[in-house]
Each structure stands twice: as C-alpha cells, then as structure tokens.
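Here is the structure we will look at.
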Amino acid sequence: MTDTFTVVNPATEQPVVDVPLTDLAGTDAAIAAAHEAFRSWRAVAPGERAALLRRFAAVVDAHNEELAELEVRNSGHTWNNARWEAGNVRDCLNYYSGAPERLHGKQIPVAGGTDITFYEPLGVVGVIVPWNFPMPIAGWGFAPALAAGNCVVLKPAEMTPLTAIRIGELALEAGLPEHVLSVLPGKGSVVGERFVTHELVRKVVFTGSTEVGKRVMAGCAEQVKAVTLELGGKSSNIVFADADIAAAAASAPYAVFDNAGQDCCARSRILVERPAYDEFMAGLEKSVQALRVLDPADESSEMGPLISSGQRSTVEGFLSEVDVAFAGSRPDGTGWWIAPSVVTVEDPATRIWREEVFGPVVAVMAFDDEADAIAKANDTEYGLSGSIFTNDLGKGLRVARGVEAGNLSVNSHSSVRYWTPFGGYKQSGLGRELGPEAPLAFTEEKNVFIAH
C-alpha cells in the first residue's frame, strides 16, 4: 500500500488532497530513468532545447491563475504573492532559455597547438525544495539545470507538493521529453536522502535549514558530489538617522512579514540609529497595525497564516520568552495564525535576536554609529541578505561592503532578481543561484589541447 500525505490548507485547517509519497524503489527508478533520458537530452540541439524551454515558460504562463490558486490553498500564500511566484517560474524559464546557445567555451593561447574549453552537463541533478516558496525555488534549480543539458529529479517539500506536481505535468504538456524533469513527492528521509547517496545523481541543490544543509553537504562529500546550499538567515534592516524615516518605517513590515515571516531573507532584525529610534518606532507601529492579515482567499490579504501548527508552536515559543512591544491583527477562528509582532532588544545574546524564528516576528535594537551598525549586523552566524536605509550614497555603499551577507539592498528590501546572483555567506549557504552564470554551476568545464 502506498503511503500518502494529507495536504492541509493552513488558513482553514481543512484537508485539500491526499498525495502519494514516492518510496525508495520509486526514487531509484526515477533516477535511473532520468539518467537514461540524459543521453538524448544532452544531445538536443541548443536552439531546440531553447525553444522547448520557451514553450515550457508559455505553458506555465497560461496556467498562472491555476498555479496561484493551488499555492493559496496549499501554502497559505496571498494571491499577490502566488501570482508573482508562478510568474517567476515563467520568467526563469524564459531567461535561461537563452543559455543553451550561449554556453561559450574559450580558446586559450598555448604553445604547440590549440587549446579549447567546453561546458558539459553533469547528468542527473537532484533539487530539494522547501515549503516556504515552493514554485520559485523549484524554478531556480530546474531552469538553469535543464538549460545546461541536465535532467532533473525534484523533491518538493512534503507539506507543499501541489504546484510542483502540476509544473511537472506542464513540462510534458510543453513537449519536454519524459523523465527530463521528474517530480517526486516524498519524505526527505527517503527521497531527499537518496538524491544525496545515489551515485547517478551528480549534483544536489538544497534549500532549507542550516542543520539539514550540513547533513546534505556531509553526504555529498562521501561521493565528492557537487552541492549548492541556500540555508537560514537572520538579516538586518539598518536604518540611519539621515534616511527618510517615514518611508523606512512604512516599508519595514513588508521586509519581514511577507509570507508570514517564513522567508530566509526576512529582515527579522531592525537596527535603528539612536537619534531616529523613537520616530521610527512610532511609524513602525502604525504600519504594522495597518497590515491586512486575512485569509488568503481574500485577494486584499497582505499576510497569511503559518504553514503548520508545528511552525506556529515554534514561533509562540520565541514570543513566550519576550515582551511584545506591539502587534498587528490576526483572524479569529481556525488557521495557524500569529499576529505580526514587534519586540525590542537590548541584549544581543537574547535568543530571538540570534536565532531564525521563521515567523512574523521582528526584533528592534538601537545603534550608535556606522561602525556599531556593521558590528551588530555581522554578529550572527548567518549572512544571506539585508537592507540599508540612508540618504548618503557613500555611507550606503560602505555599509553594504562591510556587512557580511550575499545580497544587500540600499533604500530597498529587494533580495531576489532572477537575472542577478543569489546566495549567502557563512552558515547561510554555499554557492550561488540565479544570475547569468547559474547554468555554469550545472556543468563541468572540459579542457582539450590539440597539438599542431
């Protein structure tokens, strides 16, 4: 009898559908089929592979509303977010459809002959996707991997498989050959672990917790297998007194409460220069209380529920240790809700200041000057993203260069663009995704010397 997982709508706590879970034998069969499909997929002419990816993008685009509706029910995402997420899959496919015809090698001057290099696909790539952003993070893995000529086996998170399953069906509808992109719903301890241990999987792309990422990395080391890791974050939003304080306070909630704070890039620590602290906090309270926290079925909702009762309990555990300065609203009744909450912190050893909460909670601390802001921002084992608000461009650039994080924004909270690289410092990850060079991360560089 096949094991199943019951997908539950986190806003209503009602079952959505039972999804069969792939077992070990099914995982091995899918990997073997992908390995066999790789032989012909890598040989597809670059222009033809590009055309297939563009067709895939067009089919995803035609199903944007369907995919968004699935994500609203499965993950509790707002409609605005879910539509953007489906559109991001489309955009990644379109962007990387330009790669097959542009995987240029080099001709390197040498004595006694000609030296040329080639970028060749790895083979089967395993992509392990988390539950917080099921669609875009899947696309960040499979779009450049397919463009480079690899086949992909993709494991969605157990709680949020619905959009990945549908995207796998749309790939076939668009004309991708069977087994070039395979979606395997299942447990991490079964499917994800097999991606790590199976010798035919030549790279693993993992997005998730730092704890699990370390185990994935250790497993890949056993086979000297390539790995990209996008892990946790505890990012800072640094607000200087010379910034537009009203604008900074108005934008801050969206930098941390988007997706109910379930975002590795969430600016879950706010550092405010002391002279502006009171003004900023007054503005922040107004903007937090104005945030529309509603069932995502309401298209005006700006924040939905947490993904599960377990995640809600984790966040409540953090909140039980501190005093909440102020909070926004939350619906009554069913659903795994927590009101967007703001706490103030003076001691940097406080757990809520140091650990990733992964919920709608932000901690605020004052700082004294530029050096103090950088020191406090860097006092963390993570280094994924961050924001700097200042009207002094030189200061903004200095602080951005000083903060140990992979993705910084000045007077903005933007972390992700599919055409720019994304990844973390320290325990926030290893390697980079997205940007023009992402397909190269799914290749081996081969050097060939031809004697004259």
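Structure data summary
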read-out	value
Net lengthening on full extension, ALA32/GLU199 (0.36 nm per residue, minus Cα-Cα)	59.1 nm
Angstrom value of the Kirkwood radius, inverse mean 1/r, which spans all Cα pairs in segment 183-271	15.5 Å
With 5 Å bins from 0: P(r) over segment 89-229, alpha-carbon pairs, percent	2, 10, 18, 21, 18, 13, 8, 4, 3, 2, 1, 0
Computed [θ] at 222 nm, helices only, for the chain once each DSSP H run of length n ≥ 4 contributes -39500 (n - 2.57)	-11500 deg cm²/dmol
Carbon plus sulfur fraction of accessible area for segment 1-131, probe 1.4 Å, in percent	54 percent
Ranked order, MET135, MET281 - accessible area, probe 1.4 Å, largest first	MET281, MET135
Residues with amide H under 5 Å from that of VAL17, placed H, sequence gap 5 or more	VAL7
Evaluated at q = 0.11, 0.13, 0.22 Å⁻¹: base-10 log I(q)/I(0), Debye formula over Cα of segment 122-200	-0.24, -0.34, -1.01
Listed pairs LYS155/LYS203; LYS376/LYS426; LYS214/LYS395; LYS225/LYS426; LYS106/LYS426 exceeding 24 Å between Cα atoms	LYS214/LYS395; LYS106/LYS426
Electrostatic dipole magnitude of segment 162-275 [Cβ: Lys, Arg +1; Asp, Glu -1; Cα centre; debye, to 20]	400 debye
Solvent accessible area, Å² - LYS106, 1.4 Å probe, full protein context	100 Å²
Average accessible area per residue (Å²) across segment 1-152 - probe 1.4 Å, nucleic acids and ligands excluded	39 Å²
Karplus 3J(HN,Hα) series, Hz, for segment 131-145 with 6.51 cos²θ - 1.76 cosθ + 1.60 (x for Gly, Pro)	8, 7, 9, x, 6, x, 5, 4, x, 4, x, 6, 5, x, 5
Antiparallel %, DSSP beta bridges [both residues in the chain], to 5	40 percent
Amide proton proximity set for GLY105, modelled H, under 5 Å, gap of 5+	TYR119
Distance from segment 155-203 to segment 327-399 (C-alpha centre basis), Å	35 Å
Residue-by-residue Karplus 3J(HN,Hα) for segment 88-103, coefficients 6.51, -1.76, 1.60, Hz, glycine and proline x	5, 4, 4, 5, 5, 5, 5, 4, 7, 5, x, 6, x, 8, 10, 7
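The values are calculated or read from the model by the stated rules, or taken from the named source; none is laboratory data. All of these numbers come straight from a predicted model, not from anything done at the bench. Cβ coordinates were reconstructed from backbone atoms using ideal geometry, including for glycine residues, and neighbour counts include every protein chain displayed. Just the protein is used for accessible areas: all its heavy atoms, side chains included, with ligands, DNA and RNA removed. Shrake-Rupley method; radii C 1.70, N 1.55, O 1.52, S 1.80 Å.
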